[in-house]
Amino acid sequence: MSAPTKNKKLLAWVAEVQKMCTPDRVVWCDGSKVEYDRLMAEMVASGMAIKLNEKKRPNSFAFNSDPSDVARVENRTYIASLKEEDAGPTNNWIDPVELKKTMTALYKGCMKGRTMYVIPFSMGPIGSDIAKIGVEITDSPYVVVNMQIMTRMSPKVLEVLGDEGEFIPCLHSIGAPLEPGQKDSRWPCAPIEQKYIAHFPEENLIWSYGSGYGGNALLGKKCLALRIASNMARKEGWMAEHMLILRFTNPQGKKFHIAAAFPSACGKTNLAMLQSTVPGWKVETIGDDIAWMKPGKDGRLYAINPEAGFFGVAPGTSKASNPMALESCRKDAIFTNVVVTDDLDIWWEDMGVECTGGTDWKGKPFKPGQKDAEGKKILGAHPNSRFTARAELCPVICADWENPAGVPIDIFVFGGRRTTTMPLVHEALDFNHGVYMGATAASEATAAALDVKSAIRFDPFAMTPFIGYHAGDYMNHWFEMGDLLGDKAPRCFYVNWFRKDKNGKWLWPGFGENSRVLKWMCERVESKVGAKETAIGLMPKEGDLTLDGLNIPAEDWAELMKVDKELFKATLDDAREYLAKLGSKLPARMMVQFEALKKRLG
Ligand code: GTP
Ligand code: SPV
Ligand code: MN
């Protein structure tokens with residue numbers, strides 16, 4: 001197949017990888033429907049994909065991964081900067097020369113018996129000045145079809161790239177060469193100790209080996225759009241964040257744009273598509289996972305969603321919790337590690353529909369309610385099973401979601417999963433205090449009943465696994481963006497949808513009702529409502545956050561909004577210990593905020 005480009009750097013890189021990985025053939029991808037249909041037909045024929053019922057789930061397919069390859073592997077993810085201190089204490093580091101040597105040995109001949117696909121793609125609207133071009137080379141046809149949904153893939157990308165243009169090389173192999181006559185497995189991949197998700201920030205280069213799943217393999221997402229982009233953003237004066245973006249419009253038609261950072265599986269996709277319960281207020285989705293933000297000519301911060309699709313958590317997605325996500329995958333979708341029902345549709349736990357039987361994510365016969373030998377409920381869908389859906393199919397996608405200029409951000413929201421201590425909402429005293437709030441955000445790994453030390457993980461700006469450099473420098477970059485934006489910087493808030501009562505019941509109904517909290521934020525921005533000053537920040541005055549129609553007893557509301565100074569004081573030691581790990585790169589301004597908070601807590 002002749003190459004559809006004259007870009008010298010690209011041609012040289014493809015030739016070099018071909019020589020190293022020795023695939024049987026090279027295919028240049030163009031993102032077309034013909035290509036999608038052909039690859040899916042091939043995967044159905046090989047047994048890797050299951051074609052779903054055309055009447056129930058048009059043009060949709062299900063895949064089951066190997067049980068060893070079901071999520072991102074943070075302990076096999078590396079920031080291979082030239083100097084170890086540039087990766088910082090929150091990243092794994094290996095000397096880049098050594099890592100390249102190890103990985104080159106693995107890459108040698110690794111595509112034998114397979115096709116090598118070359119995927120030119122754009123993160124962000126093609127040609128937008130915020131967008132970046134990447135080229136992923138992969139030996140996984142599953143990656144190609146997912147990249148067709150998650151990124152912009154079209155011949156236009158190569159046009160924009162031209163003969164001399166720059167791109168981010170993203171090399172991926174599942175790490176499973178095929179000998180002549182060898183039978184392929186359903187989901188080939190390499191064992192865990194051979195998996196490497198490597199980033200070379202000084203070269204803007206990504207090398208991934210051994211996994212075919214999610215962020216390990218769809219390299220435009222976490223690898224490019226967060227780890228490499230966060231490096232570029234720091235150098236170039238912009239921001240790459242693990243944030244959803246939404247537009248909230250009030251009854252008078254005034255638009256507010258909100259960007260919110262919650263850790264993985266803490267509610268970004270849900271908030272991005274929420275069905276407002278506040279009469280006259282409406283949410284539209286711009287992005288559900290990643291935001292790239294640049295100061296505009298007017299001095300405000302403009303955000304784009306670099307992705308073109310959603311790679312969303314399946315379990316728990318129902319008509320009641322997130323109907324817009326369900327609608328987004330009504331057709332043209334890919335499902336990974338869910339139940340395939342007997343009538344060839346899909347199902348997962350808490351989907352809110354009945355399942356009479358099917359095949360679970362491990363390929364075994366399944367009926368809901370079955371228990372294993374130890375009496376534990378057998379899950380039909382893996383907890384990290386996902387749907388890949390086109391953003392344009394989301395019924396509430398915002399008309400401006402592809403606007404290359406982006407949308408001006410009014411509000412930043414930080415948060416996590418905390419069963420105690422953190423109130424439903426509080427506002428930062430100013431931007432620098434907001435940076436402290438985001439930088440010390442913490443979340444529970446599991447829904448523990450008490451805020452015991454080990455159950456809480458600090459996760460600055462929900463970016464711990466995605467900061468491509470030293471976390472201290474990253475916090476400093478946040479302060480510097482605040483300096484640059486001045487009084488045009490977004491207002492900062494912290495939310496917690498996950499507080500529980502003594503009996504382990506959610507105190508807050510969440511989901512659509514979160515719109516009440518967003519409305520209070522917008523009214524703060526408009527100076528329509530005041531706030532109560534507390535030790536940790538500004539909180540709603542009695543009656544400003546409307547609870548009409550909600551059946552929340554007064555004592556529950558008091559608990560939801562409670563700021564227990566003693567509990568907060570107890571968390572200060574943890575924060576100090578965490579921040580101390582950042583060493584000399586911890587910005588002095590972080591400790592200024594720490595001391596001020598300590599003083600306010602008394
Ligand atoms: P990633 O795609 O991994 O980055 O996750 P995410 O941040 O997009 O999380 P998502 O929206 O998929 O939600 C994860 C889980 O949190 C699901 O089980 C949701 O049901 C649950 N969840 C989301 N919003 C709320 C809420 O307001 N209240 C409660 N109680 N649970 C929620
Ligand atoms: C996350 O883990 O935050 C995700 C899923 O969005 S993955 O794309 O696999 O990183
Ligand atoms: Mn995510």
Restricting to the range 258-277, give me the number of residues that are crowded, with 23+ Cβ neighbours inside 10 Å and more than 16 Å from ligand 3 (Cβ to nearest atom). 2
Show me the helices (runs of 4 or more DSSP H) found entirely inside the range 499-602 where at least 2 residues are over 24 Å from H433 (Cα atoms). 554-560
With respect to A217, is the statement that it is touching a strand residue (DSSP E or B) at 6+ places or on another chain (Cβ under 8 Å), within 16 Å of ligand 3 (Cβ to nearest atom) and within 24 Å of K297 (Cβ to Cβ) true? no
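The rows are residues; the columns are (1) touching a helix residue (DSSP H, G or I) at 6+ places or on another chain (Cβ under 7 Å); (2) open to solvent by less than 10 Å² (accessible area, probe 1.4 Å); (3) within 30 Å of K83 (Cα to Cα).
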| residue | (1), (2), (3) |
| --- | --- |
| M481 | no, yes, yes |
| D487 | no, no, no |
| L518 | no, yes, no |
| R524 | no, no, no |
| E555 | no, no, no |
Exclusive hit being acidic (D, E), closer than 19 Å to V278 by Cβ and surrounded by 14 or more Cβ atoms within 10 Å (Cβ to Cβ), set E513, E542: E513
Looking at (1) over 20 Å from A320 (Cβ atoms); (2) away from ligand 3 (no atom under 14 Å from the Cβ); (3) crowded, with 20+ Cβ neighbours inside 10 Å, find the lone condition where M243 falls short. (2)
Do you know which of the residues in the range 19-37 that are under 16 Å from R114 (Cα atoms) and not in a loop (DSSP other than H, G, I, E, B) is most open to solvent (accessible area, probe 1.4 Å)? K19
Given the criteria over 26 Å from the mean Cα position of the chain (by Cα) and small (G, A, S), does G357 qualify? yes
Note: among A217, A225, just one is at pLDDT 95 or above, within 16 Å of ligand 1 (Cβ to nearest atom) and under 24 Å from G109 (Cα atoms), namely A217
Would you confirm whether or not the range 248-267 contains a residue that is at pLDDT below 95 and within 22 Å of D360 (Cβ to Cβ)? yes
Any hit, the range 387-402, residues being surrounded by fewer than 22 Cβ atoms within 10 Å (Cβ to Cβ) and at pLDDT below 95: no
Within the range 279-325, restricting attention to residues that are open to solvent by less than 30 Å² (accessible area, probe 1.4 Å) and among the hydroxyl-bearing types (S, T, Y), which residue is farthest from ligand 1 (Cβ to nearest atom)? T285
Filter result (among the hydroxyl-bearing types (S, T, Y) and either in contact with a Cys (Cβ under 8 Å, 6 or more places away or on another chain) or open to solvent by less than 50 Å² (accessible area, probe 1.4 Å) (or both)) within the range 557-602: T571, Y578
What number of residues within the range 329-369 satisfy the criterion of being open to solvent by 20 Å² or more (accessible area, probe 1.4 Å) and in contact (Cβ under 8 Å) with a residue 60 or more places away in the chain? 9
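The values are calculated or read from the model by the stated rules, or taken from the named source; none is laboratory data. This is a predicted model, so every value here is computed, not measured. Don't worry about glycine lacking a Cβ; one is built from the backbone with ideal geometry, like all the others, and counts go over all protein chains shown. For the accessible areas, the whole protein counts, side chains as well, though only heavy atoms, and no ligand, DNA or RNA atoms are used. Shrake-Rupley method; radii C 1.70, N 1.55, O 1.52, S 1.80 Å.
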